[in-house]
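The values are calculated or read from the model by the stated rules, or taken from the named source; none is laboratory data. In this text, all values refer to a predicted model and were calculated from it rather than measured experimentally. Counting neighbours? That spans all protein chains shown, and the Cβs are built from the backbone with ideal geometry, glycine included.
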Amino acid sequence: MRDHPRLPTSPGFWRSPLRGPWFTSVLGLVLFAGITVLFVTGLLSYAAYNPDLSPVNDQTPDKGLLGFYLFAWPTGPVWLYRLTQGVHVGLGIALIPVLLAKLWSVVPKLFALPPARSVTHALERISLLLLVGGGLFEFTTGVLNVQLDYVFPGSFYPLHFYGAWVFFAAFVAHAVLKTPAALRTVRSRRPDRTAPEPDLLVSPRPDPPTVSRRGALGLVGAGSLLLLLTTVGQSLGGPFRRTALLAPHGTAEPGGGPNGFQINKTAAYAGITPADAHEDAWRLVVTGRTGTVRLSRAELLRLPQHSASLPIACVEGWSTADQWWRGVRLRDLAALVGYDGDPPDVFVESLQRHGAFRHAALRANQVADPRALLALHVNGEPLSPDHGHPARVIVPAAPGVLNTKWVARLTFGEL
Ligand SMILES: Nc1nc2c(c(=O)[nH]1)N[C@H]1C(S)=C(S)[C@@H](COP(=O)(O)O)O[C@H]1N2
Ligand SMILES: [Mo]
């Protein structure tokens, strides 16, 4: 047996016969399409938080120019955020095997010497570091946020947001440089043929193959499919929910009965005691142009009650099927404090004393929608403590985080 070079900087160190331009190009083109979708759906998710409306909504306050594209998130179709965020999380998870295979396929390049042959080459390699580092960072922070309620230092949102911009800038540079050649490679070469010219990815001394290149791609694809099938149930619901083995909030509905659907933070977790939320003591405080009114739950129930079938869709990718909510329209509450006709933005505060999601701002278009409710009932029963009793906000098409539970105060206008 010939000597095996001991340093990864030597081309002969890398022996897999799978590596080569075709294998890398196919994976690269899949990532090109997939990561573009991840970036766009990620930007949409940020816009859906209404960050430009109020500092309490903005999880990334120093965004500066990166917020250039923000727009008023629409209130329909009601499944809008279910779709965009379901795609973001589901696709992100399904692409993990492709990302890992792609990195594995180009590993000899990361070790190649000399580190830089020219200024252009040096710049290309720096952009590659940002690309690889940024890609691993974005996928890791995303998965941790979905799986573990987070463990990183600092908030998930700014890290994932700024990381996305750094990563995407490097990604665009890389895609512009590589896509034409990758397309040519995939169109013109068969997977089992190696490059006619010497290519850094092709091992000069390959080991005998144990699987074909197409076979290896098939394995990567099967891995992606498996992850997809064990995740998307969290966004699809229905019978698929039982297959969502990898989704912490996505599997079986908790408990039974009308309130038996996913709970993000329980009342106990949010520090809401039965005394806080007791109907005798609780009053909803509504403030606006003409002053303040205080309403008990019984008084709210005497106002016109309206229904809307709306889902809850969380940034973590899970969502519920439509639930049948019933309560007072937000725009009717605005009218009580001097806003007939065109309701303004509203600032919503919860009984909860700590935590980033205890308050949220809703835009005028959300308040005006006849399906936007201060819900008192769900599926024909009073709200359970975990779903926000005595009252919660529910707004069509919005991220779950804007559906404040255990509401104490609504302040219309003056945001
Ligand atoms: N007061 C309060 N409201 C809140 C939250 C919270 O932590 N505190 N979490 C929000 C988030 S992130 C989601 S996804 C939804 C989940 O609603 P559910 O627990 O009824 O499913 O509630 C929202 N309302
Ligand atoms: Mo959420």
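A compact table of results
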item	result
The stretch 211-259 - residue that is among the β-branched types (V, I, T) and part of a loop (DSSP other than H, G, I, E, B) and, of those, farthest from L99 (Cα to Cα)	T251
Which listed residue, of H377, H389, is more than 10 Å from ligand 1 (Cβ to nearest atom) and either free of Cβ contacts under 8 Å to residues at least 40 places away in the same chain or part of a loop (DSSP other than H, G, I, E, B) (or both)	H389
Residue among T231, T292 that alone is in contact (Cβ under 8 Å) with a residue 60 or more places away in the chain, of a type in the set (S, T, Y) and out of contact with any Lys or Arg (no Cβ under 9 Å at 6 or more places or on another chain)	T231
Among residues of the stretch 308-330, those that are within 10 Å of L373 (Cβ to Cβ), touching a helix residue (DSSP H, G or I) at 6+ places or on another chain (Cβ under 8 Å) and not small (G, A, S), counted	2
The stretch 327-368: number of residues that are away from ligand 1 (no atom under 15 Å from the Cβ) and either of a type outside the set (A, V, I, L, M, F, W, C) or under 20 Å from the mean Cα position of the chain (by Cα) (or both)	13
Among (1) outside any loop (DSSP other than H, G, I, E, B); (2) within 16 Å of ligand 1 (Cβ to nearest atom) - the single one A277 does not satisfy	(1)
Boolean, R242 is surrounded by fewer than 19 Cβ atoms within 10 Å (Cβ to Cβ), under 22 Å from V146 (Cα atoms), among the basic types (K, R) and out of contact with any His (no Cβ under 7 Å at 6 or more places or on another chain)	yes
Given (1) in a helix (DSSP H, G or I); (2) modelled with pLDDT under 95, number of the condition T194 does not satisfy	(1)
